[in-house]
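S.K.: First the structure, then my questions, so here it is.
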Amino acid sequence: MPVQIGAKSHHFTEPLGLLSDCHRRIEMFMGSLVAIAKLGGQPLSHEGSHSLENALRYFREAAPKHTADEEQSLFPRLKALETDESKFVFSKMDELENDHQWAESLHAEADRLGSKYLTDGILSENDAATFLKTIESLAAMYQRHILVEDNSLFPFAAKALSQTDKLTIAEEMATRRRVRR
């Protein structure tokens, strides 16, 4: 993982903080993809190739774990809660799960075209336009998605989940990453 200077990194005892840390990485890698997609398929510099390769790897390998953290660990525990505030959050969770499903096809297309860009060193005008549209769609979705999670879902979860639930979520997250705690 790239080093984020000045950014606090959370430990596996703080699963909501880890999810938020992941959002910062998503934003960073989406920024790289947007910048590369705006090149219009022109030849990549060594640095551009490296950035594209890292971003594609991140979304191929790490992002699915983040989605699993939310859909398999966090969301089910939140859905088990019955509070007045939870009804609003539940409606947002449905939207977030739909985002995850929609993003899968966009990521597949971004990975296909990004890999082609890396292999060929250039993209056709048509492929470059499709790559840009795909990346811009992903970036817009993530911007909205992260805003909902960071400003509504995670604060609600921090208040509503027991410490036991949080530690269980953390353990599940560590297991997905094969991290010993």
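S.K.: Would you be able to say whether some residue in segment 83-90 is under 25 Å from Leu132 (Cβ atoms) and either of a type outside the set (Asp, Glu) or not in a helix (DSSP H, G or I) (or both)? Steps first, answer last, please.
M.R.: Our first condition is that a residue be under 25 Å from Leu132 (Cβ atoms); within segment 83-90, this holds for none.
Within segment 83-90 (the criterion being under 25 Å from Leu132 (Cβ atoms) and either of a type outside the set (Asp, Glu) or not in a helix (DSSP H, G or I) (or both)), the answer is no, since none of the residues qualifies.
S.K.: Ok, one more. Residue by residue through segment 41-59, note down the ones that are in a helix (DSSP H, G or I) and either modelled with pLDDT under 95 or among the aliphatic types (A, V, I, L, M) (or both).
M.R.: If the condition is that a residue be in a helix (DSSP H, G or I) and either modelled with pLDDT under 95 or among the aliphatic types (A, V, I, L, M) (or both), then Leu52, Ala55, Leu56 are the ones that fit.
S.K.: Looking at segment 150-166, which of its residues are within 17 Å of Leu81 (Cα to Cα) and in contact (Cβ under 8 Å) with a residue 60 or more places away in the chain? So that I can check it myself, show each step before the final result.
M.R.: Just the residues of segment 150-166 that are within 17 Å of Leu81 (Cα to Cα), to begin with: 152-166.
Those that are within 17 Å of Leu81 (Cα to Cα) and in contact (Cβ under 8 Å) with a residue 60 or more places away in the chain: Ser152, Leu153, Phe154, Phe156, Ala157, Ala158, Ala160, Leu161, Asp165, Lys166.
S.K.: In this structure, does Ala103 turn out to be under 18 Å from the mean Cα position of the chain (by Cα), under 18 Å from Arg25 (Cα atoms) and modelled with pLDDT of 95 or more?
M.R.: On the way: under 18 Å from the mean Cα position of the chain (by Cα): yes; under 18 Å from Arg25 (Cα atoms): yes; modelled with pLDDT of 95 or more: no.
It is false that Ala103 is under 18 Å from the mean Cα position of the chain (by Cα), under 18 Å from Arg25 (Cα atoms) and modelled with pLDDT of 95 or more.
Yes/no per residue for (1) under 30 Å from Glu172 (Cα atoms); (2) under 12 Å from the mean Cα position of the chain (by Cα); (3) of a type in the set (A, V, I, L, M):
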position: Met28; (1), (2), (3): yes, yes, yes
position: Ala35; (1), (2), (3): no, no, yes
position: Lys38; (1), (2), (3): no, no, no
position: Ser45; (1), (2), (3): no, no, no
position: Gly48; (1), (2), (3): no, no, no
position: Tyr58; (1), (2), (3): yes, yes, no
position: Ala63; (1), (2), (3): yes, yes, yes
position: Gln72; (1), (2), (3): yes, no, no
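S.K.: Which numbered condition in (1) within 22 Å of Ala140 (Cβ to Cβ); (2) charged (D, E, K, R); (3) surrounded by 12 or more Cβ atoms within 10 Å (Cβ to Cβ) is the only one that Asp94 fails?
M.R.: (3)
S.K.: Out of (1) over 20 Å from the mean Cα position of the chain (by Cα); (2) open to solvent by 50 Å² or more (accessible area, probe 1.4 Å), the odd one out for Gly121 is which?
M.R.: (2)
S.K.: Go over the candidates Leu167, Leu132, Leu161 one by one and state the one that is within 28 Å of Ala35 (Cβ to Cβ) and either in contact with a strand residue (DSSP E or B) (Cβ under 6 Å, 6 or more places away or on another chain) or of a type in the set (A, V, I, L, M, F, W, C) (or both). Give the derivation first.
M.R.: Numbers: Leu167 fails: within 28 Å of Ala35 (Cβ to Cβ); Leu161 fails: within 28 Å of Ala35 (Cβ to Cβ).
Result: Leu132 is the single residue among Leu167, Leu132, Leu161 that is within 28 Å of Ala35 (Cβ to Cβ) and either in contact with a strand residue (DSSP E or B) (Cβ under 6 Å, 6 or more places away or on another chain) or of a type in the set (A, V, I, L, M, F, W, C) (or both).
This table checks each residue for (1) open to solvent by 70 Å² or more (accessible area, probe 1.4 Å); (2) free of Cβ contacts under 8 Å to residues at least 12 places away in the same chain.
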position	(1), (2)
Leu18	no, no
Phe29	no, no
Lys38	yes, no
Gly41	no, no
Asn54	no, no
Glu71	no, no
Lys87	yes, yes
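S.K.: Do the conditions hold for Phe59, that is, is it out of contact with any strand residue (DSSP E or B) (no Cβ under 7 Å at 6 or more places or on another chain), of a type outside the set (Lys, Arg) and open to solvent by less than 10 Å² (accessible area, probe 1.4 Å)?
M.R.: No.
The values are calculated or read from the model by the stated rules, or taken from the named source; none is laboratory data. In this text, all values refer to a predicted model and were calculated from it rather than measured experimentally. Note that each Cβ is placed from the backbone with ideal geometry, even for glycine, and that neighbours are counted across all protein chains shown. To get the accessible areas, we keep the full protein, side chains included, count just its heavy atoms, and leave off ligands, DNA and RNA. Shrake-Rupley method; radii C 1.70, N 1.55, O 1.52, S 1.80 Å.
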